[in-house]
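Coordinate-derived values only; no laboratory data. Note that this is a predicted model, so its numbers are computed, not measured. Backbone-built Cβ (ideal geometry, glycine too); neighbour counts: all protein chains shown.
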Amino acid sequence: MNTKTAKRKNLSRLAIWTMAWTLSTALATFGSLFLWEGNKVLTALSILLNVGIGVGMVLANRQFLEDSDELEKKVQLEAMALTLGLTLIVGIAYSIMDSTNLIPWDAEISFLVIFMALFYMIALIFNRKRYL
Amino acid sequence: MRAEKKWTQEDLASAIGVSRQTINAIEKEKFDPSLPTAFRIANLFECTIEDIFEFGETET
């Protein structure tokens, strides 16, 4: 299998796992509200399913990185490192802002997830411009 | 050296198992290749690594 075919295959696999994880997150979040109305066994099972698919998604991402070309790997890993570092800093700062009542609303984890996704995309675009 | 052999970046990339973008970045000195890739390139051109790459303390 050549490099391009392997990359396309790994990207497709990663996209499928990511989509499945997103759907299982929606199921775990809204299922107990609208589908099984608070049944704790079903809620626990849906969360287990969500975690299991999440692990699959992480492994698919690792496979994608392992099979990536060395420059692509560098671009991806630098973007991930920047995202991890900034998410830690912003997350702690956001939490302090909440605990010291500097912000009138509760610090939600969803904010961090959105921040990570957006910053990772920006870092990828920046790195691609830098190296490619 | 690649141009002398009339190879495209895609030809060279396929021969050593990296992407065309990697070859482009190496040629533009934006990216330092790994040691295995440098050896593969040198082997392909039947010369030493030093004939192709020169060491410099520049940031990539």
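Before moving on, here are some points about what is shown:
- In the stretch A:86-109, residue farthest from the other protein chains (Cβ to nearest Cβ) [restricted to those that are surrounded by fewer than 11 Cβ atoms within 10 Å (Cβ to Cβ) and in a helix (DSSP H, G or I)]: A:Ser99
- Residue check for A:Thr5: out of contact with any His (no Cβ under 7 Å at 6 or more places or on another chain), more than 14 Å from every other protein chain (Cβ to nearest Cβ), β-branched (Val, Ile, Thr) and part of a helix (DSSP H, G or I): no
- Condition check for A:Leu112 on (1) over 29 Å from B:Ile16 (Cα atoms); (2) part of a loop (DSSP other than H, G, I, E, B); (3) in contact with a helix residue (DSSP H, G or I) (Cβ under 8 Å, 6 or more places away or on another chain): one failure, at (2).
- Residue match in the stretch B:38-48 (condition: part of a helix (DSSP H, G or I), at the interface with chain A (Cβ under 9 Å from one of its Cβ atoms) and of a type in the set (Val, Ile, Thr)): no
- Sole residue being over 15 Å from the mean Cα position of the chain (by Cα) and surrounded by fewer than 15 Cβ atoms within 10 Å (Cβ to Cβ), chosen from A:Leu59, A:Leu27, A:Leu77, A:Leu48: A:Leu48
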